[in-house]
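Comments concern the structure below.
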């Protein structure tokens, strides 16, 4: 007997990060209920399923004994859910760490480029006096914008 469940992992903003169908099962043997020794046994049992419907007698027996089977099956599903959740959390944490390293490197490179640009503009070029007041104002706005972006980058890296 195999049961299926839906595992959904949501991020802090309730965005779906992962979704999959998980399964758990136990073979019914001679009226007893024994756990699959290995996951491969359950997969083999699923692969051996025939397309024919279950007989009415078997359906009645399963319904009659459902109280016996329900809790162990749900416990197996819970164990599978916990194991898979831990595995996915590790994968997501590893991915997060990698992305933090990559984004930090990109932001540090941008920071260095802005610092070089600001150093090149300090002091302002002498030729600036040849330009109109509007062009000088634009130069000053550009410089302030770069300085503001530099301070934002430090906060973003944090």
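The values are calculated or read from the model by the stated rules, or taken from the named source; none is laboratory data. All figures in this text were calculated on a predicted structure; none of them were measured in a lab. Heads up, the Cβs are rebuilt from the backbone with ideal geometry, glycines too, and the neighbour counts pull from every protein chain shown.
Residue under question is residue 22, and the condition is that it be outside any helix (DSSP H, G or I), over 30 Å from residue 148 (Cβ atoms) and in contact with a strand residue (DSSP E or B) (Cβ under 7 Å, 6 or more places away or on another chain); does it hold?
Numbers: outside any helix (DSSP H, G or I): yes; over 30 Å from residue 148 (Cβ atoms): yes; in contact with a strand residue (DSSP E or B) (Cβ under 7 Å, 6 or more places away or on another chain): yes.
Answer is yes for this residue.
Of the numbered criteria (1) part of a helix (DSSP H, G or I); (2) at pLDDT below 85; (3) exposed (fewer than 10 other Cβ atoms within 10 Å of the Cβ), the one residue 67 fails is (2).
Screening residue 28 with (1) closer than 29 Å to residue 88 by Cα; (2) modelled with pLDDT under 85 gives one miss only, at (1).
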